[in-house]
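J.: Would you mind keeping the following structure in view while I ask a few things?
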Amino acid sequence: MNVREIVTHCEHLFEDLHFNAVTQWKAAAPGRKAIGYMPIYVPREIIHAAGMLPVGIFGGGDQFEVIQGDAYYQSYICRIPRSTLELGLTGRLDCLDGMLFPSICDVIRNLSGMWQIMFKDKYVKYFDLPQNYDDSTGGSFYIHEMGVLRGDLEKLSGRRITDEDLRSSIAVYNENREAVRALYTYRAQKPWQAPTSEVYLVLRAGCVLPPEDHTLLIRSYLAECDKEKRPQRDNARVVLCGSFCEQPPLGLIKSIEMAGCYVVDDDFQLIQSWLLDAVPVNDDPLGELSKAFLHRSVSTSSKYDEKKSDKGQFLLRQVKTRGAEGVIFAAPSFCDPALLERPMLQEILAKHKIPYTAFKYAENTGQMAPIREQAGTFADSIKLWSAA
Ligand code: SF4
């Protein structure tokens, strides 16, 4: 496939809210099961080690009408829980045998309770993640939580998950993470060759494809897009921050790019880059997954910062290592984690004289003109300042 065919394939997967790719994967062999997960992070290695397909559920997007889902939530919260409920109520998630709701915020926690009540025939787990990074405290807790998940999936799949299974799955995901890192590095070096609107779709395909296939897809995209000769523009290089849960519409990402910005780093679909390096493959797989989470993972607003001095350091590193000239804070409306942290991050950027701008969106935001104007003005001002 050439680059256009790869992107079109990814777009079809992205738009398919009936998750036919998952249904087809299950139908290819008897007894296969699929487990959905909400943003941001769950250890997909354990699901994979159980012989199951991990499926990322990131809401309904901008082409999906929410009717019943609105009745379950007040209007002043984000849209992702409502559209996810709508996906469930309309049978679109019937291909899933279970759902994991990681501890990201109260909304997702409440959604896990509602899911347990509404979809009684499915496996449902609120998957708690540590907010203490001491191996003997947060680490023990997390290893215990992963052990419970392992036992639950053993019951559901009817097969033991051995340490060898876990090691193989860790190795598979190490390769996938390496490919994702290569993609991000390539985009930061040549953002005109790998626009974020494409990179986003290639990554999003990882929500429904087996990780082995997704790794191959990323590698093909990298090889093919490097063959293209695309025009390089004098755009402003920006980091996008705050879009880790409910995703912006694809049109919004395109609008930011069309306004004159190259997105050189972001926090979309954070699960794919959550662990910052390879997880060692040794005789303590859960222990290594825990250490990677506690000591070598991204910072984001739904994760506790142990020391006040840590706040914003990850974002500063993103700006520095990617050669960014500014930060765009783009968070879902009513997103408590992102919007509560934003002023603290803005203060740190101001101290370091890094320009930023901020706006909110919903996954079904339709009016792109104001965002395009704002992003365009931001890009122009960066170019003026850097020329001064
Ligand atoms: S968008 Fe924000 S508030 Fe809404 S579920 Fe996600 S993290 Fe929670």
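J.: Which order do peptides 358-364, 68-74, 41-47 fall in by mean Cβ count within 10 Å, highest first?
T.: Going from most to least packed, we get 41-47, 358-364, 68-74.
J.: Compute the relative contact order of the chain as a whole-number percentage, counting only Cα pairs closer than 8 Å that sit 6 or more residues apart in sequence.
T.: Numbers: 622 pairs, mean separation 78.8, N = 388.
Relative contact order comes out at 20 percent.
J.: Right, next: In this model, which of LYS190/LYS303; LYS33/LYS155; LYS155/LYS291; LYS311/LYS351 are farther than 20 Å apart at the alpha-carbon?
T.: On the way: LYS190/LYS303 31 Å; LYS33/LYS155 12 Å; LYS155/LYS291 26 Å; LYS311/LYS351 13 Å.
Pairs exceeding the cut-off: LYS190/LYS303; LYS155/LYS291.
J.: Further question: Given an 8 Å cut-off on Cα distances and at least 6 residues of separation, report the relative contact order of the stretch 192-283 as a percent.
T.: Details: 73 pairs, mean separation 34.0, N = 92.
The value is 37 percent.
J.: Quick one: what Rg and Dmax do you get for the chain from the alpha carbons, in Å?
T.: Radius of gyration, then largest Cα-Cα span, for the chain: 20.3, 66 Å.
J.: Do any trypsin sites (Lys or Arg not before Pro) in the stretch 288-320 lie in a loop, going by DSSP, with at most 11 other beta-carbon atoms within 10 Å of their beta carbon, and if so which? Mind showing how you got there, number by number?
T.: Numbers: sites: LYS291, ARG296, LYS303, LYS307, LYS308, LYS311, ARG317, LYS320; in loops: ARG296, LYS303, LYS307, LYS311.
In loop regions of the stretch 288-320 (DSSP not H, G, I, E or B), the sparsely surrounded trypsin sites (Lys or Arg not before Pro) are LYS307.
J.: Of the peptides 164-174, 228-238, 143-153, how do they stack up when ordered by the mean number of other Cβ atoms within 10 Å, highest first?
T.: Working: 164-174: 19.7, 228-238: 14.8, 143-153: 17.0.
With the highest mean Cβ count within 10 Å placed first, the list reads 164-174, 143-153, 228-238.
J.: Using the Cα centre of the stretch 219-350 as origin and beta-carbon charges of +1 (Lys, Arg) and -1 (Asp, Glu), tell me which of SER301, ALA278, CYS225 is placed farthest towards the positive end of the dipole.
T.: CYS225
J.: Here is a further query. Please determine, in degrees from 0 to 90 and to the nearest 10, the orientation of helix 369-387 with respect to the longest principal axis defined by the Cα atoms of the chain, where the helix direction is its Cα long axis.
T.: Long axis of 369-387 versus the principal axis of the chain: about 60 degrees.
J.: Can I ask one more? Quick check for you: which residues of the stretch 289-313 have the amide N under 18 Å from the point 7 Å beyond the Cα of ASP277 toward its beta carbon?
T.: 289-299
J.: Still on this model: Per DSSP H run of at least 4 residues, take -39500 (n - 2.57); add these up for the chain, divide by its residues and hand me the 222 nm value, nearest 500 deg cm²/dmol.
T.: Details: 14 runs with 185 residues, N = 388.
So the helix-based figure for the chain works out to -15000 deg cm²/dmol.
J.: Which distance in nm do the two modelled labels at ARG233 and ASP310 give, with both placed 7 Å along the Cα-to-Cβ direction?
T.: Going by the 7 Å Cα→Cβ label model, 3.8 nm.
Where a number appears in this text, it was derived from the coordinates with a stated rule and is not lab data. Because the structure is predicted, anything quoted here is derived from the model rather than measured. Every residue, glycine among them, receives a Cβ derived from its backbone with ideal geometry; neighbour counts consider all protein chains shown.
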